[in-house]
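Below is one structure, written out as structure tokens, with a few remarks after it.
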Amino acid sequence: MAKALRPLIAANWKMNGSPDWVDKPLEFDALFPQGQRKSLDVLICPPALYLQRLSDTTRQAGMYLGAQDCHKAASGAHTGCLSAEMLMSAGADYVIVGHSECRAAGDTNKSVKAKASAAKRAGLIPIICVGETEAQRDKGDALKVVKTQIKGSLPTLADYVIAYEPVWAIGTGKVPTLKDIAEIHDAIRAQVGDGVRILYGGSVKPTNAKDILAIENVNGALIGGAGLEMKSLSEIARLAV
Ligand code: PGA
């Protein structure tokens with residue numbers, strides 16, 4: 001049933017890129033043309049500085065555009081921060097909130113919930129990241145940690161995406177077993193209901209994406225390293241249709 005949800009393949013560029021990456025969406029479109037991916041959503045989340053620059057090329061390529069974080073307030077004295085409204089006006093459709101790299105830098109479930117709610121207020125779709133550390137998994141606490149993070153981080157309004165990203169799998173080449181991914185995704189499904197897309201993230205590559213994307217409650221992927229190259233991103237996206 002959950003597989004009826006439209007898959008979402010999202011690239012999180014993190015703090016990578018330069019002005020000439022503006023054509024990457026067109027490069028992606030040449031590798032995997034829009035006509036062949038009508039049942040799939042593809043999203044690029046560049047550094048916020050490049051949102052405006054990429055807004056035309058992502059549209060032309062039939063892709064969505066997202067930011068990597070936002071502030072909870074619409075405006076105010078918050079040096080160095082960007083509001084969801086600003087990201088929206090720069091062309092974003094989505095915003096990632098609560099990525100483990102931001103949780104490590106101070107985000108809590110409470111602040112993630114406030115950011116996800118701010119995204120909804122501005123008309124963006126939040127992608128709410130959750131995931132356990134290696135120590136938490138070793139202790140047998142992975143499920144408990146993820147459930148608590150979800151309970152504390154969801155916005156009050158509907159229409160959001162969840163990304164399950166085990167912290168120890170991000171950028172390490174390590175991936176949980178398919179059984180472990182399925183167990184967590186099934187638990188998240190039970191918690192958030194049928195209409196929510198649940199992405200897996202953490203060392204997704206063209207070589208492992210097929211098996212991961214075939215899991216029942218996996219509705220797409222949040223991709224770091226392999227999302228910087230359009231060749232690998234398009235190979236992964238092809239495995240999602
Ligand atoms: P990775 O990053 O694919 O490089 O492991 C995933 C993420 O941080 O979203």
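The values are calculated or read from the model by the stated rules, or taken from the named source; none is laboratory data. Computed from a prediction, not measured in an experiment: that's the story for all the values here. All Cβ positions, glycine included, derive from the backbone under ideal geometry; neighbour counts span all protein chains shown.
Worth pointing out:
- Residues in region 189-241 that are surrounded by fewer than 17 Cβ atoms within 10 Å (Cβ to Cβ) and small (Gly, Ala, Ser) were compared, and the one that is farthest from residue 159 (Cα to Cα) is 214.
- Lone unmet requirement of (1) under 18 Å from the mean Cα position of the chain (by Cα); (2) modelled with pLDDT of 95 or more for residue 3: (2)
- Hits in region 9-22 (condition: away from the ligand (no atom under 13 Å from the Cβ) and either on the phi > 0 side of the Ramachandran plot or assigned to a strand (DSSP E or B) (or both)): 17
- Leading residue by the ranking (nearest to the chain's Cα centre (by Cα)) among those in region 55-73 that are under 20 Å from residue 154 (Cβ atoms) and more than 16 Å from the ligand (Cβ to nearest atom): 70
- Within region 104-114, considering residues that are in a helix (DSSP H, G or I) and away from the ligand (no atom under 16 Å from the Cβ), the one surrounded by the fewest Cβ atoms within 10 Å (Cβ to Cβ): 110
- Check on residue 118, touching a His at 6+ places or on another chain (Cβ under 8 Å), farther than 28 Å from residue 28 by Cα, more than 16 Å from the ligand (Cβ to nearest atom) and outside any loop (DSSP other than H, G, I, E, B): yes
- Pair list, Cβ < 6 Å and 6+ apart or interchain, from region 215-233 residues that are within 14 Å of residue 25 (Cβ to Cβ) to residues that are within 15 Å of the ligand (Cβ to nearest atom) and aliphatic (A, V, I, L, M): 227/11; 227/233; 233/11
Every residue, every condition in (1) touching a His at 6+ places or on another chain (Cβ under 8 Å); (2) in contact (Cβ under 8 Å) with a residue 24 or more places away in the chain; (3) within 15 Å of residue 201 (Cα to Cα), yes or no:
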| residue | (1), (2), (3) |
| --- | --- |
| 80 | no, no, no |
| 83 | yes, yes, no |
| 91 | no, yes, no |
| 94 | no, yes, no |
| 101 | no, yes, yes |
| 124 | no, yes, no |
| 132 | no, yes, yes |
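- Close contacts from region 161-185, counting a first residue that is at positive phi and a second that is within 11 Å of the ligand (Cβ to nearest atom) and not in a loop (DSSP other than H, G, I, E, B), with Cβ to Cβ under 8 Å and a gap of 6+ residues or different chains, come to 171/225.
- Top-ranked residue of region 23-42 - restricted to ones that are away from the ligand (no atom under 16 Å from the Cβ) and within 17 Å of residue 93 (Cα to Cα), ranked as surrounded by the most Cβ atoms within 10 Å (Cβ to Cβ): 25
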